[in-house]
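Okay, so here's the structure we're looking at.
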Amino acid sequence: MGHALAAAVADAGHELAGGIDKGGDVASLADRSDALVDFSAPAALDGNLHAAIGAGIPILVGTTGLEDRHHTMIETAARAVPVLQTGNTSLGVTLLAHLVQQAASRLGEDWDIEIIEMHHRMKVDAPSGTAKLLGEAAAKGRGIDLASHIESGRDGLIGARTKGAIGFAALRGGTVAGEHSVILAGDEERITLAHSAENRMIFARGAVRGAQWLIGKQPGRYRMEDVLEL
């Protein structure tokens, strides 16, 4: 993603202030930047947020695998600087999530929702951040809490599907950049909303667009949907 982001910054006509890896001086980088883009690891989030606050610049967080405590950090940072956090910076996925929310809202819980995702063999978290983002969109459309309606990792004699559940299945293999499908299954009919990532540049381009959009915004927590005005 670092190489992809550097290419996307150049393609957009901007200047790259620099990049860091584990152990780098993020505060020094922030001081000479207009915005930070974080695609690192959950363990680095606290330091990256503090660097953005110290420099008084916005930060886009595309790191996945975040827990509740990380979201608490983001909420705190958003009181001081603009923060955009998302499980996927792709503009196509952003629009997909919007469509999933609309479909879930209009079809109701009589339609079963299943989310299937596939990524490369090296991905360490599951379900993916994007799958969770799509699940949140479906739950929001139904006006429910995702955490209390998830069904994932099914195995053995588990019984019938719970009415109103949102199911997840994670596949891993090869070099797949990202495949996501949301299936809405009703009686004798089925709708599939899907997105395929063919190259990581789609995430980099979306991240650059999101970071550029954040510059000049008031402190607060923003979404990729805000960038597309959805």
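The values are calculated or read from the model by the stated rules, or taken from the named source; none is laboratory data. What you see is a predicted model; the values in this text were computed from it and never measured. As a convention, Cβ positions derive from the backbone with ideal geometry for all residues, glycine included, and neighbour counts pool all protein chains shown.
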Here the residues within segment 58-80 that are part of a loop (DSSP other than H, G, I, E, B) and under 18 Å from Ala35 (Cα atoms) are Pro58, Gly62, Thr63, Ala78, Arg79, Ala80
Thr130 passes all but one of (1) among the hydroxyl-bearing types (Ser, Thr, Tyr); (2) in a loop (DSSP other than H, G, I, E, B); (3) within 30 Å of Ala30 (Cβ to Cβ); which number fails? (2)
Among the listed residues Thr130, Thr162, which satisfies the condition of being outside the structural domain of Arg223 (by TED's automatic domain parsing), under 17 Å from Leu99 (Cβ atoms) and modelled with pLDDT under 95? Thr130
Name the single residue, out of those in segment 176-230 being touching a residue at least 40 places away in the same chain (Cβ under 8 Å), among the β-branched types (Val, Ile, Thr) and farther than 17 Å from Pro58 by Cα, that is surrounded by the fewest Cβ atoms within 10 Å (Cβ to Cβ). Ile191
